[in-house]
Amino acid sequence: MNSIETIPFFGGVAGAITVFVIAIIFSSFVEYWIHRLAHEGIVLKEVHWSHHQINRTGGWLWDYLYVIRIGLWPFAWIGFPFGVRVGFIFLLGEIVYLGLAVYSHELQHRYPNQVFWMKCPVHYLHHRYRKGSDNFGLLTDFWDRVFRTSSDQFWKPSGEKISLRKLLGIKWY
């Protein structure tokens with residue numbers, strides 16, 4: 001077998017975890033740039049403009065199916081040149097990332113104070129205040145920090161406690 005799978009580092013459970021993590025990082029990078037380019041009018045201009053105008057979501061299920069259809073398929077093949085196993089693990093990482101990103105998007109629209117894994121709910125701020133000049137991340141603010149598009153100047157945490165009811169209380173469909 002001539003593939004990356006024959007390299008010891010990419011074999012076994014450690015290799016699968018490595019490929020999965022690489023897929024998560026890659027997916028977050030792509031998500032950041034697609035969102036940023038949507039604001040430049042380069043991709044998804046009309047649908048994204050509409051989203052900002054109504055400032056609502058379609059619900060986790062419908063938005064997830066949309067991003068799978070639009071955002072996943074152009075990149076679904078990325079891991080397969082390195083072997084079938086790598087391809088499927090990479091694809092699984094992309095699918096999981098998109099599900100979590102859509103969840104984070106829903107949560108930030110409904111309960112921004114519940115986003116405990118970031119310094120501030122960047123997507124909430126993106127919609128509420130700046131509307132396209134910064135805070136392009138959904139699940140993470142990592143790339144916003146890397147590319148200096150992160151801004152928390154308007155964020156005033158409420159001190160609200162994390163609530164399982166609210167964490168699960170997003171619009172699911």
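Checked against (1) under 26 Å from residue 147 (Cβ atoms); (2) free of Cβ contacts under 8 Å to residues at least 24 places away in the same chain; (3) in contact with a helix residue (DSSP H, G or I) (Cβ under 7 Å, 6 or more places away or on another chain), residue 80 meets all criteria but (1). Please name all residue pairs, on different chains or six or more residues apart, with Cβ atoms under 9 Å, provided the first residue is in the stretch 121-132 and is at negative phi and the second residue is among the β-branched types (Val, Ile, Thr) and at pLDDT 90 or above. Within 9 Å, the pairs are 121/115; 122/115; 122/140; 123/115; 124/115. Across the stretch 46-73, the number of residues qualifying as outside any loop (DSSP other than H, G, I, E, B) and out of contact with any His (no Cβ under 8 Å at 6 or more places or on another chain) comes to 19.
All of 36, 69, 56 fail the test of being out of contact with any Gly (no Cβ under 7 Å at 6 or more places or on another chain) and buried (at least 17 other Cβ atoms within 10 Å of the Cβ), apart from 36.
Restricting the first member to the stretch 149-173 and to residues that are acidic (Asp, Glu), and the second to residues that are in a loop (DSSP other than H, G, I, E, B) and surrounded by 15 or more Cβ atoms within 10 Å (Cβ to Cβ), the beta-carbon pairs closer than 9 Å and six or more apart or on different chains are 152/120; 152/135; 152/141; 160/111.
Out of 66, 111, 97, 103, I need the residue that is aromatic (Phe, Trp, Tyr) and within 20 Å of residue 17 (Cβ to Cβ). Which one? So the residue among 66, 111, 97, 103 that is aromatic (Phe, Trp, Tyr) and within 20 Å of residue 17 (Cβ to Cβ) is 97.
Wholly within the stretch 100-173, which helices (runs of 4 or more DSSP H) include no fewer than the required count, namely at least 1 residues that are aromatic (Phe, Trp, Tyr)? Steps first, answer last, please.
Numbers: elements: 122-125, 142-146, 164-167.
Per the criteria, 122-125, 142-146.
Looking at this structure, is residue 50 among the small types (Gly, Ala, Ser), in contact with a helix residue (DSSP H, G or I) (Cβ under 9 Å, 6 or more places away or on another chain) and without any contact (Cβ under 8 Å) to a residue 60 or more places away in the chain? Criteria not met by residue 50. Residue under question is residue 132, and the condition is that it be over 30 Å from residue 159 (Cβ atoms) and out of contact with any Lys or Arg (no Cβ under 8 Å at 6 or more places or on another chain); does it hold? No: the conditions fail for residue 132. Checked against (1) at pLDDT 95 or above; (2) crowded, with 19+ Cβ neighbours inside 10 Å, residue 92 passes all but condition (2). Hey, any hits in the stretch 108-118 for a residue that's over 14 Å from the mean Cα position of the chain (by Cα) and polar (S, T, N, Q)? Yes; the residues of the stretch 108-118 include at least one that is over 14 Å from the mean Cα position of the chain (by Cα) and polar (S, T, N, Q). Flag not set for residue 84, criterion: within 17 Å of the chain's Cα centre (by Cα) and hydrophobic (A, V, I, L, M, F, W, C). Any residue that is crowded, with 19+ Cβ neighbours inside 10 Å, more than 19 Å from residue 33 (Cβ to Cβ) and hydrophobic (A, V, I, L, M, F, W, C) - is there at least one of those in the stretch 109-116? The answer is yes; a qualifying residue exists.
The values are calculated or read from the model by the stated rules, or taken from the named source; none is laboratory data. All of these numbers come straight from a predicted model, not from anything done at the bench. Glycine also receives a Cβ, built like all others from the backbone with ideal geometry; neighbour counts cover every protein chain displayed.
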